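The values are calculated or read from the model by the stated rules, or taken from the named source; none is laboratory data. None of these values were measured; they are calculated from a predicted model. No Cβ is skipped: glycine too gets one built from the backbone with ideal geometry, and neighbour counts run over all protein chains shown. Only protein heavy atoms, including side chains, enter the accessible area calculation; ligands, DNA and RNA are left aside. Shrake-Rupley method; radii C 1.70, N 1.55, O 1.52, S 1.80 Å.
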Amino acid sequence: MNIVTTIKRSLSMLALAASSFAAPAHAELFLDFNVDQDGTGFIADKMVFGYQEILTIDNGSTFKTSAVAAGPVFLGEEATVPVGFDLKVYAIFTASGQVVENGGKFVGTSGSIQLFLDKGNRSMFTLPAIGGAPINVVNGETDVLLASTDTFKFGSGSLRPGSITEANGDFTLTFNDLVLTTDGIAYFTAPSPFYKELTIDGNFSSTEPINLNGTSSIIKGAANVFFVPEPSAVALLGIALLGLGLSRRRRV
């Protein structure tokens, strides 16, 4: 079995397992987006991927990580119902920052994310030797970039290796200034203009004990990708709700 089959099956199984009990993890509403998948359209509000990353900690104080996520399940109706599945979509993301609490907590300071469409459904992925280095993609000549950004807003994470009562760890990364390519506009068909802010978060299903002296560790898990309203949109919504409340008061 070649590596593309192994990784994609592994990651898609993680995504399916995560989506089977998916529920909104955040108080805010998930934002709807439209997808055109090989001529078939549907509306989703979250993507659930299986992912693998390599994490490297230097001198116990800083970290770098590189990750690939693939085989997403698209969820709708407030992330409660599977509405689509696309083995061709994958994400590559990186993050770096500070290590605190003796390696138990991480605070992100920079990062990037790219969403791709593997049009030939034949790309192969391998992790680099150290975090922060590029993910190796083979047979990706026909892949197209859908969206990307390296404008990092904030991020955090925690590690609980070997825990049997909860996930082995978790993370959240939020990015601004997401830009769709021409292919991205054809894939994510609405809204237009598209959302500018994206969050990827998730749980670790497995992780090796973390060594703080520069050793790299491989982590596997499930990751959620969803879009976040810009502050200006939230402000406008608040003004609209305030106006509605005042209008109702006048009628009373």
Kindly evaluate G41 against the criterion of being crowded, with 17+ Cβ neighbours inside 10 Å and modelled with pLDDT of 55 or more.
no
Quick check on this structure: which one of G157, G169, G140 is more than 19 Å from the chain's Cα centre (by Cα) and open to solvent by less than 30 Å² (accessible area, probe 1.4 Å)?
G140
Need the failing condition index for P72 against (1) in contact with a helix residue (DSSP H, G or I) (Cβ under 7 Å, 6 or more places away or on another chain); (2) under 15 Å from V225 (Cβ atoms); (3) free of Cβ contacts under 8 Å to residues at least 60 places away in the same chain, just the number.
(3)
Qualifying positions in the stretch 89-133 - open to solvent by 40 Å² or more (accessible area, probe 1.4 Å) and touching an Asp or Glu at 6+ places or on another chain (Cβ under 7 Å):
K119
Filter the stretch 172-212 down to residues that are in a strand (DSSP E or B) and open to solvent by 60 Å² or more (accessible area, probe 1.4 Å) and give me whichever is modelled with the lowest pLDDT.
S205
